[in-house]
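Asks: Here it is, the structure, as C-alpha cells.
The values are calculated or read from the model by the stated rules, or taken from the named source; none is laboratory data. What you see is a predicted model, and the numbers here were worked out from it, not measured in a lab. Every residue, glycine among them, receives a Cβ derived from its backbone with ideal geometry; neighbour counts consider all protein chains shown.
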Amino acid sequence: MKARLLRILRETDGYVSGQQLCEYFGVSRTAVWKVIRQLKEDGYQIEAVQNKGYRLLEVPDVFTGEEVASRLHTRRLGRKCICLQSVDSTNTYARRLAEDGAEDGTLVLAEEQTGGKGRRGRAWSSPRGEQIAMTLLLRPRIRPEHASQMTLLMAMAVAKGVRRLCGLEAWIKWPNDVVVGGRKICGILTEMNTEVDYIHYVVIGTGVNVNQASFPEELEQTATSLSLEAGHRFSRAEAAACILDEMEPLYETFLKTEDLRELYEEYNSLCVNCGRQVQVLHPDGAYAGIAEGIDDKGELLVRRDNGTAERVYAGEVSVRGLYGYV
C-alpha cells in the first residue's frame with residue numbers, strides 16, 4: 001500500500017482526497033493517515049489540507065523498495081522489491097531467496113555491499129549511498145545454454161535507461177560493461193542454478209555508479225559516475241526504475257525466441273566496439289581486428305587483419321580497445 005499510495009501522490013497533479021484513497025485501497029481514513037505519517041517520517045514532504053486532501057511537495061533522496069516500486073511501470077519486474085541497508089552481495093542474497101521459492105521478477109536492492117562480486121571473481125565496490133546495487137531474480141523457461149545472453153539484455157537496459165534519464169551518451173563495451181565518456185559506469189554479473197535441460201533461476205546483478213564524486217587511484221582512469229559526467233546528482237531510485245522499465249520489453253522479446261535475433265541490431269547500435277579496432281585477449285594468444293558487432297547469440301564478430309572472421313564468445317576471452325579501455 002505504501003508504494004502504491006506514493007505512486008498516486010507522485011502522479012497526481014494537485015491534491016488527492018482522503019476519501020478517494022480510502023475507496024481505492026478499501027481501508028479506513030485512519031489507515032491512510034498512518035501510511036501518510038510513515039512517508040513523512042521517511043522524509044517525504046506531504047501537505048494535508050482540509051477538504052482538499054494530500055499533495056506531495058518534495059521527495060527525499062532515498063533508495064528504498066517503496067520509492068523504486070512507486071516509479072516503476074513494469075508488469076512483473078520489480079513488483080516484489082526488497083531493499084537492504086547492508087548485505088554481503090545482492091546476488092548471494094537473491095540466490096538465497098530463490099532457493100526459498102521467491103517469485104519471478106523479485107528485485108533485491110542494497111544501500112551497501114560488503115562483498116560485491118564482479119566477473120571472474122573480482123570484487124565490486126559498492127559505497128553506501130552513492131551507487132545502485134541491485135539483483136533481479138528471474139525464472140525463465142528457456143534452455144540453460146541460452147541464459148548467458150540475458151546479461152547483454154541488462155547492458156542494453158542500463159544504456160537505454162541512462163540515456164533516457166540523464167541525456168548522456170551511454171554505450172556498451174561488449175559484452176556487458178556500460179561506459180560513458182569512455183569510462184565504465186556499470187558492471188553486470190549473471191549467475192544461475194540449472195539442471196541439464198532446466199533453469200531453476202537466474203540472478204542478474206547490476207552495479208551502477210550514480211553519485212560517486214571520486215574513485216580509488218587504481219580506478220580513476222577506467223571508472224566514472226553519472227554525476228561526474230553530468231555535473232549534478234541523480235535519484236538512484238529513479239535510475240533503477242528507468243533501467244527495469246527498459247529491461248522488461250527486452251526480456252519479453254528475448255523469451256519469444258531464446259536468442260537475440262530481434263534485438264542484436266539495437267544492441268549493435270549501442271555497442272561502442274562496433275567498427276573499431278579491438279584486441280582480443282584469447283588464452284591461445286592475443287590478436288587484433290575490427291569489431292563488426294554481435295550475432296543473434298551474442299557472440300562478437302571480429303574481422304582479423306588477414307581478413308578472416310572470428311566469432312568471439314564472452315566466456316572465453318576479453319576484448320579491449322587497441323589503444324585503451326574501449
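Asks: Could you tell me which of the residues Leu219, Leu322, Leu300 is more than 30 Å from Ala69 (Cα to Cα), in contact with a strand residue (DSSP E or B) (Cβ under 9 Å, 6 or more places away or on another chain) and modelled with pLDDT of 90 or more? Can you show your working first?
Replies: Details: Leu219 fails: modelled with pLDDT of 90 or more; Leu322 fails: modelled with pLDDT of 90 or more.
Testing whether each residue is more than 30 Å from Ala69 (Cα to Cα), in contact with a strand residue (DSSP E or B) (Cβ under 9 Å, 6 or more places away or on another chain) and modelled with pLDDT of 90 or more leaves just Leu300.
Asks: Please find, among Leu244, Leu260, the residue that is crowded, with 20+ Cβ neighbours inside 10 Å, under 23 Å from the mean Cα position of the chain (by Cα), of a type in the set (A, V, I, L, M) and not in a helix (DSSP H, G or I).
Replies: Values: Leu244 fails: not in a helix (DSSP H, G or I).
Of Leu244, Leu260, the one residue that is crowded, with 20+ Cβ neighbours inside 10 Å, under 23 Å from the mean Cα position of the chain (by Cα), of a type in the set (A, V, I, L, M) and not in a helix (DSSP H, G or I) is Leu260.
Asks: Shifting gears a bit: Can you name every residue in segment 33-75 that is crowded, with 16+ Cβ neighbours inside 10 Å, of a type outside the set (S, T, N, Q) and in contact (Cβ under 8 Å) with a residue 60 or more places away in the chain?
Replies: Passing the criteria: Val59, Val62, Phe63, Gly65, Glu66, Glu67, Val68, Ala69, Arg71, Leu72.
For every residue, the table says whether it meets (1) over 26 Å from Gln212 (Cα atoms); (2) out of contact with any helix residue (DSSP H, G or I) (no Cβ under 9 Å at 6 or more places or on another chain); (3) touching a residue at least 40 places away in the same chain (Cβ under 8 Å); (4) among the hydroxyl-bearing types (Ser, Thr, Tyr).
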site	(1), (2), (3), (4)
Ser235	no, no, yes, yes
Ala241	no, no, yes, no
Tyr267	yes, no, yes, yes
Ala309	yes, yes, no, no
Ala314	yes, no, yes, no
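Asks: Taking the conditions exactly as written (under 24 Å from Ala240 (Cα atoms), outside any strand (DSSP E or B) and in contact with a strand residue (DSSP E or B) (Cβ under 7 Å, 6 or more places away or on another chain)), does Leu56 satisfy them or not? Walk me through how you get there before you give the answer.
Replies: Details: under 24 Å from Ala240 (Cα atoms): yes; outside any strand (DSSP E or B): no; in contact with a strand residue (DSSP E or B) (Cβ under 7 Å, 6 or more places away or on another chain): yes.
No, not satisfied.
Asks: Any residue at all in segment 286-303 that is touching a His at 6+ places or on another chain (Cβ under 7 Å) and within 28 Å of Ala94 (Cα to Cα)? Talk me through it step by step, then tell me what you get.
Replies: Restricting attention to segment 286-303, the residues satisfying the condition of being touching a His at 6+ places or on another chain (Cβ under 7 Å) are none.
Taking every residue of segment 286-303 in turn, none turns out to be touching a His at 6+ places or on another chain (Cβ under 7 Å) and within 28 Å of Ala94 (Cα to Cα).
Asks: Among the residues of segment 193-202, what is the count of those that are at pLDDT 95 or above and surrounded by fewer than 24 Cβ atoms within 10 Å (Cβ to Cβ)?
Replies: Start the filter on segment 193-202 by keeping residues that are at pLDDT 95 or above, which leaves 193, 199-202.
Next, from what is left, pick out any that are surrounded by fewer than 24 Cβ atoms within 10 Å (Cβ to Cβ): 193, 199-201.
Of the residues in that region, 4 qualify.
Asks: Next question, about the same structure. Kindly check whether there is at least one residue in segment 95-117 that is at pLDDT below 95, of a type in the set (Lys, Arg) and surrounded by fewer than 23 Cβ atoms within 10 Å (Cβ to Cβ).
Replies: Yes, because at least one residue in segment 95-117 is at pLDDT below 95, of a type in the set (Lys, Arg) and surrounded by fewer than 23 Cβ atoms within 10 Å (Cβ to Cβ).
Asks: Pick from Leu263, Leu255, Leu301: which is in contact (Cβ under 8 Å) with a residue 24 or more places away in the chain and in contact with a Lys or Arg (Cβ under 9 Å, 6 or more places away or on another chain)? If you could, list the steps in order and put the result at the bottom.
Replies: Details: Leu263 fails: in contact with a Lys or Arg (Cβ under 9 Å, 6 or more places away or on another chain); Leu301 fails: in contact (Cβ under 8 Å) with a residue 24 or more places away in the chain.
Of Leu263, Leu255, Leu301, the one residue that is in contact (Cβ under 8 Å) with a residue 24 or more places away in the chain and in contact with a Lys or Arg (Cβ under 9 Å, 6 or more places away or on another chain) is Leu255.
Asks: Would you check which residues across segment 8-37 are part of a helix (DSSP H, G or I) and closer than 16 Å to Glu58 by Cβ and list them? Outline the logic, then answer.
Replies: Residues of segment 8-37 that are part of a helix (DSSP H, G or I), as a first pass: 8-11, 18-25, 29-37.
Residues satisfying the conditions are Leu9, Arg10, Glu11, Ile36.
Asks: So Glu292 ticks every box in (1) in contact with a helix residue (DSSP H, G or I) (Cβ under 9 Å, 6 or more places away or on another chain); (2) more than 18 Å from Thr151 (Cβ to Cβ); (3) not in a strand (DSSP E or B) but one. Which box is left unticked?
Replies: Result: Glu292 passes all but (3).
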